[in-house]
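Asks: My questions will all concern the structure given below.
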Amino acid sequence: MRDFPKSIVCLTEESVEVLYALGRSELIVGVSAFVERPKEAKKKKRVCAFTSANLKKIVSMNADLILGFSDIQKDIARDLIAMGQNVFIANHRSVEGILNYISMLGHMIGEGEKTSSYIEELENKISMARARASEFKHRPKVYIEEWDNPLICGIQWFSEIVEICGGEVIHMDKSMNSLATDRFITNEEVVAANPDIIFACWCGKKVVFNHIYEREGYTEISAVKNAQVFELKPEIFLQPGPAPIVSGIDQLLDIFEKYQELYK
């Protein structure tokens, strides 16, 4: 291509964090209202939520490229394309997909060398986590809850990160499904699996712990008996970008290391 994008609208958070990590934050002219990382990004103009967007405002920015994520934003993408905009929607679900997305975005803005170095850093972080997790004597069974009504278990990259850090996800088969509707799980399934740890990471709202503790049968779950129910931040673990690797790994390793103390 003759030139690389000089202005970008980011409809979701992962592209924002990648552009900042690559030292190209000046390209960003619009962001999601939910952007949290890095904090400086919150000063950028807000143009959308996750399922809705101010299309006229976005078009008025004359951005060279608009970035979004997943089938959930397909209608926004369709309307922007109909209005003559250049739109790229990523739809990855795995840790490998995150790394591939970072590589793709980095090359789209002409920062191949920086991107390769950044991906190497992330891969080293993952390798470190695997090595540290291999030293744990006890690998806890983990239930990841992404939503509470209906119950939705953790998405693939979240589950993969948990297993990289030393956990054994009780619903790994469901996590491999890309659509949230295919990741519904029942209380009966959770109780039967008897997880040692519960990670509650409700997208867009605070976790109400009593709503977990008071579910039928949950008092018999090891995670509840041993006070191993944790709230994790959605902006870290539900972000399909660097956040679960950069920040999530450290949090999970700390929890799993402390879990080993239960067996001393």
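Asks: For the stretch 2-55, with every protein chain kept in place, what is the accessible area per residue (1.4 Å probe, Å²)? It would help to have the intermediate numbers written out before the result.
Replies: Working: 2580 Å² over 54 residues.
I get 48 Å² per residue for this part.
Asks: Got a sec to turn the phi values of the stretch 212-225 into Karplus ³J(HN,Hα) couplings, 6.51 cos²θ - 1.76 cosθ + 1.60 with θ = phi - 60°, whole Hz, x for Gly and Pro?
Replies: Per-residue couplings from phi come out as 8, 4, 8, 5, 4, x, 6, 5, 8, 7, 4, 4, 6, 4 Hz.
Asks: Related question: Normalised by the residues of the chain, what does the relative contact order come to in percent, with Cα pairs under 8 Å and at least six apart?
Replies: Values: 443 pairs, mean separation 45.2, N = 264.
That works out to 17 percent.
Asks: Using a 1.4 Å probe on the protein chains only, how many percent of the accessible area of the chain belongs to carbon and sulfur?
Replies: On the way: 6340 of 12600 Å².
Summing carbon and sulfur atoms, their accessible area is 50 percent of the total for the chain.
Asks: So, one more: To the nearest µm²/s, what D does Stokes-Einstein give for the chain at 20 °C and 1.002 mPa s, using the Kirkwood radius over alpha carbon pairs as Rh? Spell out each step's value before the answer.
Replies: Working: Rh = 19.4 Å.
Translational D for this selection: 110 µm²/s.
Asks: Cross-link list LYS6/LYS74; LYS45/LYS114; LYS45/LYS174: which exceed 28 angstrom alpha carbon to alpha carbon?
Replies: On the way: LYS6/LYS74 24 Å; LYS45/LYS114 26 Å; LYS45/LYS174 37 Å.
Table pairs above 28 Å Cα-Cα are LYS45/LYS174.
Asks: Can you give the accessible area of HIS138, probe radius 1.4 Å, in Å² rounded to 10?
Replies: Looks like 60 Å² after rounding.
Asks: With N residues in the stretch 22-134, what two-decimal value do you get for its Cα radius of gyration over 2.2 N^0.38 Å? Spell out each step's value before the answer.
Replies: On the way: Rg = 15.9 Å, N = 113, 2.2 N^0.38 = 13.3 Å.
Taking N as the residue count of the stretch 22-134, the ratio is 1.20.
Asks: Can you work out ³J(HN,Hα) from phi for every residue in the stretch 92-101, in order, using Karplus 6.51 cos²θ - 1.76 cosθ + 1.60 and θ = phi - 60°, giving whole Hz and x for Gly and Pro?
Replies: 7, 9, 10, 4, 4, x, 4, 5, 5, 5
Asks: Moving to a separate point now. Which whole-number percentage describes the relative contact order of the stretch 1-101, with Cα contacts under 8 Å and a sequence gap of 6 or more?
Replies: Numbers: 163 pairs, mean separation 25.4, N = 101.
The normalised contact order for the stretch 1-101 reaches 25 percent.
Asks: Further question: Compute the relative contact order of the stretch 69-150 as a whole-number percentage, counting only Cα pairs closer than 8 Å that sit 6 or more residues apart in sequence. Walk me through the intermediate numbers first.
Replies: Details: 29 pairs, mean separation 13.6, N = 82.
Value for the stretch 69-150: 17 percent.
Asks: Roughly how many Å² is the accessible area per residue of the stretch 190-263, as a whole number, for a 1.4 Å probe? Don't skip to the end; give the middle numbers.
Replies: On the way: 3250 Å² over 74 residues.
Solvent-accessible surface per residue comes out at 44 Å².
Asks: Now for a different question. Could you tell me the distance between the Cα centroids of the stretch 122-140 and the stretch 177-252, to the nearest Å?
Replies: 20 Å
Asks: Quick query: amide H of GLU168 versus all other amide H atoms, modeled in the peptide plane; which residues come in under 5 Å with a sequence gap of 5 or more or a different chain?
Replies: Sorted by chain and number, the residues that satisfy this are LYS141, VAL142.
Asks: I'd like the Karplus ³J(HN,Hα) series for the stretch 76-86: coefficients 6.51, -1.76, 1.60, θ = phi - 60°, whole numbers in Hz, and an x wherever there's a Gly or Pro.
Replies: Taking θ as phi minus 60°, the curve returns 4, 4, 4, 5, 5, 5, 5, 8, x, 8, 8 Hz for the stretch 76-86.
Asks: Mind pulling up the Rg/Rh value for the stretch 130-264? Radius of gyration and Kirkwood radius, both on Cα. Walk me through the intermediate numbers first.
Replies: Values: Rg = 13.7 Å, Rh = 14.8 Å.
Over the Cα atoms of the stretch 130-264, Rg/Rh equals 0.93.
Asks: Given Cα positions, please report Rg to Rh for the stretch 210-264, the hydrodynamic radius being the Kirkwood one. The partial results should precede the final answer.
Replies: Values: Rg = 13.8 Å, Rh = 13.0 Å.
That ratio equals 1.06.
The values are calculated or read from the model by the stated rules, or taken from the named source; none is laboratory data. Predicted model only: the values in this text are computed from it and were never measured. We work out accessible area using only protein heavy atoms, side chains counted, and drop any ligands, DNA or RNA first. Shrake-Rupley method; radii C 1.70, N 1.55, O 1.52, S 1.80 Å.
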